[in-house]
Amino acid sequence: MRSAEEYRNRIITVQTKDSETRAAFLQKELRHIGFTAASQQFSVQGLKQESGVNAFAIYRAPRSDGKEALVLSAPWVSRTGEFNTNGLAALLSLAKLFKRNVYWSKDIVLLVTDNGLVGTQAWLDAYHGIVQSQGNNTTGFSSIVMPRSGAIQGVVNLDFPGTHDYARLGIFFEGVNGQLPNLDLVNSIVAIARDAAQIPVVLHDAASSPYKNTAWGRYTRSLSHIVHSMKYQVLGQPSSDAGLYLKYKIDAVTVHGIHDTDSLNQLFGFHRIGVLVESTFRSLNNLLEHFHQSFFFYLLPEPHRYVSIGVYMPPIIVFTCSLILQSLVLYYLPLAKTTALTTEYLPAFTLEKKSNAFGFCVLATTHIVGVIIFYSLQPWFGQQFFACVSVQETLHRQFGMVCLYALATVIGVSLWITHHPSTHPNGRILKSFCLAESALVVATVSLLNFSLAIATAILIVLPYGLMRPSPHSSSRLFQWFVLALISPPGLVAVYTSVTEASLVDTLVVLMTDYHIAQSWFLTYVCLVYWPIHMAMCILIVSHI
């Protein structure tokens with residue numbers, strides 16, 4: 001504790017200085033402890049030029065063959081916006097402890113990242129030898145070649161903002177595109193925190209529930225945890241810097257200190273943080289092989305309880321089956337009503353040949369427009385066509401432009417259909433194809449990102465199933481309103497209203513997740529969700 005407090009006082013004096021000064025300070029301290037220390041300067045051109053300096057060090061354990069390593073990391077700035085003073089002090093004091101002990105069978109890498117996700121991604125790319133180009137149309141990192149150790153087996157990221165003690169320990173475990181660390185890592189940290197370190201554990205930075213003393217308090221708390229976790233997975237964004245490691249098949253978790261005035265009798269500081277981290281690293285040090293025995297697909301309602309994939313997958317199967325059955329019913333309905341009864345019962349379906357060209361053409365058109373929308377949202381597009389305005393104004397113009405693309409596509413195709421009437425049931429075939437493609441998308445995505453699949457199904461299954469051309473203007477107006485509400489611009493408007501975030505901030509987060517973390521969410525919306533939605537809008541507007 002005394003060592004950590006001394007480091008904290010030194011860190012306070014340098015944490016407000018520039019990146020080079022801070023990195024030089026860390027290098028000096030880590031070399032003094034006995035680590036092989038270095039710094040990494042990086043820059044990335046995305047929405048704007050971002051640069052920084054990471055500091056890292058490697059302890060090559062005497063009993064290690066250099067083929068495996070563990071990482072203890074900490075950012076300069078916490079997720080709360082404060083400086084991660086206690087987290088960095090704990091990292092440096094633990095470095096001294098690690099160096100004194102001789103039982104390590106894996107190398108230990110200490111990493112202090114600059115500029116949040118950008119710095120972590122730059123270090124990971126450089127560590128794994130990934131070179132990203134920096135052409136006019138490509139966002140890439142530029143950084144120096146650096147020393148490395150073996151394959152990383154586990155990562156613990158320290159996020160303890162400020163200089164005071166903490167009431168609870170929050171665990172952040174979500175990665176990019178819904179990826180999750182092996183459940184054994186989460187269970188190990190929870191068990192060590194509860195039994196060895198005597199630290200109360202919560203998921204994320206959840207505050208005390210107002211219903212905790214009621215009969216349904218446990219259920220509301222569990223629901224809140226699941227919804228919070230699914231939000232990260234739906235958007236494809238990591239909940240912390242540790243989430244970026246999961247793209248490289250590295251299990252990683254962030255432990256976050258939470259301040260709370262309601263639990264002043266349970267405060268913990270450097271001593272229990274040290275017990276938690278050292279015990280966790282000793283557990284990881286004993287691994288004979290990579291984590292693989294436990295689940296990689298799960299939901300956590302509470303830190304010590306999980307929901308396995310066999311329990312939460314049936315709803316997706318039900319949603320998919322409902323879309324498929326509706327699609328088959330629409331496709332195999334008789335082409336025309338029977339005027340004369342030749343049998344006792346009307347035919348339930350027909351195998352007559354149908355004209356599928358119309359449905360394919362409409363969906364092909366909307367998907368081509370989706371590709372145009374996707375490329376129109378790229379930073380290079382804004383820099384090339386809106387170079388004279390600010391980044392905020394560029395994002396506004398790009399978003400407005402893609403909304404006009406979608407609206408013009410719906411109106412243009414609908415007018416063409418109106419002026420070229422057909423005797424074939426084109427509307428029914430088009431809806432059948434839209435439902436079939438939606439079912440295919442939901443079923444496929446559920447195997448990769450369950451939360452994104454279930455969110456898509458909740459949004460589209462009921463509206464798409466009930467949408468149909470109507471002669472009544474009020475009915476068409478209501479259907480158009482519902483479709484506008486679940487369209488990407490409508491969902492952005494709802495999200496900004498609920499979270500009270502500005503449109504620019506929302507777009508910046510989406511673009512950063514796409515370019516830095518390589519999130520699939522923007523690609524999914526532009527190339528899959530929006531084209532199908534435009535086809536459904538054409539079905540209603542054209543009245544076919």
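The values are calculated or read from the model by the stated rules, or taken from the named source; none is laboratory data. Keep in mind it's a predicted model, so treat the numbers as computed, not measured. Cβ sites come from the backbone with ideal geometry, for glycine too, and all protein chains shown count toward neighbours. Note: areas computed on protein heavy atoms with side chains; ligands, DNA, RNA excluded. Shrake-Rupley method; radii C 1.70, N 1.55, O 1.52, S 1.80 Å.
Taking the alpha-carbon centroid of each part, what is the distance from segment 442-491 to segment 33-56 in angstrom?
Segment 442-491 and segment 33-56 have Cα centres spaced 44 Å from each other.
Using a/c under 1.5 as the rounded threshold, could you call segment 476-544 rounded, prolate or oblate? The axes a ≥ b ≥ c are square roots of the C-alpha gyration tensor eigenvalues, and prolate needs a/b larger than b/c, oblate otherwise.
The shape class here is oblate.
How do 285-291, 226-232, 440-446 rank on mean C-beta neighbours within 10 Å, highest first?
Most protected by this proxy first, the peptides run 440-446, 226-232, 285-291.
Take Phe478, Phe56, Phe270 and sort them by solvent-accessible surface of the protein heavy atoms, 1.4 Å probe, largest at the top.
These residues rank, largest area first, as Phe478, Phe270, Phe56.
With angles folded into 0 to 90 degrees, how steeply does helix 450-466 sit against the dominant principal axis of the chain? Use alpha carbons for both and round to 10.
Helix 450-466 sits roughly 20 degrees off the main axis of the chain.
With bins 5 Å wide starting at 0, give me the P(r) of segment 1-120 over every alpha carbon pair, in whole percents.
In order of increasing distance, the bins hold 2, 11, 21, 24, 19, 12, 7, 3, 1, 0 percent.
Between Phe295 and Val494, what is the label-to-label distance in nm when each label sits 7 Å out along the Cα-to-Cβ direction?
With each label point 7 Å from Cα toward Cβ, the separation is 2.7 nm.
What three numbers, in Å, describe the spread of the alpha carbons of the chain along their principal axes, ordered from the longest?
Principal-axis extents of the Cα atoms in the chain, largest first: 93, 58, 45 Å.
Kindly write out, for segment 301-317 in residue order, the coupling ³J(HN,Hα) from the Karplus curve 6.51 cos²θ - 1.76 cosθ + 1.60 (θ = phi - 60°), rounded to whole Hz, with x marking Gly and Pro.
Values per residue, Gly and Pro as x: x, 8, x, 9, 10, 9, 10, 7, 5, x, 8, 9, 7, x, x, 5, 4 Hz.
Quick one: what Rg and Dmax do you get for segment 414-505 from the alpha carbons, in Å?
Radius of gyration, then largest Cα-Cα span, for segment 414-505: 16.3, 49 Å.
For a quick check: with amide H placed at 1.01 Å from N, whose amide H comes under 5 Å from Ala151's, ignoring anything fewer than 5 positions away on the same chain?
Correct list: Glu68, Ala69.
Sum up the charges of everything whose Cβ sits under 13 Å from the Cβ of Ala122, counting Lys and Arg as +1 and Asp and Glu as -1, but leave Ala122 out.
So the surrounding residues net to -4.
How do Tyr524, Tyr103 stack up against each other in accessible area, from largest to smallest, with a 1.4 angstrom probe?
Largest accessible area first, the list is Tyr103, Tyr524.
Considering the convex hull of the alpha carbon atoms of segment 79-135, report its projected area averaged over all viewing directions, in nm², one decimal.
If I average the Cα hull's projected area over directions, I get 5.7 nm².
Give me, ordered by chain and number, the residues 5 or more places off Thr113 or on other chains with an amide H under 5 Å from its own placed amide H.
Ala74, Trp76
Evaluate the charge dipole of the chain about its Cα centre and quote only its size in Debye, nearest 20, assuming +1 on the Cβ of each Lys and Arg and -1 on the Cβ of each Asp and Glu.
400 debye
What share of the DSSP beta bridges in the chain is antiparallel, in percent to the nearest 5?
Beta bridges within the chain, antiparallel portion: roughly 55 percent.
Could you state the angle between the C-alpha long axis of helix 391-419 and the longest principal axis of the C-alpha atoms of the chain, as a value from 0 to 90 degrees rounded to the nearest 10?
Its long axis makes an angle of about 20 degrees.
Want the number for Asp65 to Asn9: 0.36 nm per residue separation, take away the alpha-carbon distance, what's left?
Between Asp65 and Asn9, full extension yields an extra 16.5 nm.
What translational D, rounded to a whole number of µm²/s, comes out for segment 160-261 from Stokes-Einstein when the hydrodynamic radius is the Kirkwood one over Cα pairs, at 37 °C and 0.692 mPa s?
For these conditions, the coefficient is 227 µm²/s.
So how far apart, in nm, are the two label points at Ala191 and Glu20 if each is 7 Å from Cα heading toward Cβ?
4.9 nm
Using the Cβ atoms and a cut-off under 14 Å, what net charge is assigned to the surroundings of Tyr298, where Lys and Arg are +1 and Asp and Glu are -1?
-3
Estimate the FRET efficiency between Thr80 and Leu503 by the formula 1/(1 + (r/R0)^6), using the beta-carbon distance for r and 25 Å for R0, to the nearest 0.05.
0.55
Give the residue from Asn182, Phe478, Gly154 lying farthest towards the positive end of the charge dipole for the chain; charges sit on Cβ (+1 for Lys and Arg, -1 for Asp and Glu) and the dipole is referred to the Cα centre.
Asn182
Give me the net charge of Gln479's neighbourhood, meaning all other residues with Cβ under 13 Å from the Cβ of Gln479; Lys, Arg count +1, Asp, Glu -1.
Residues near Gln479 contribute +3 overall.
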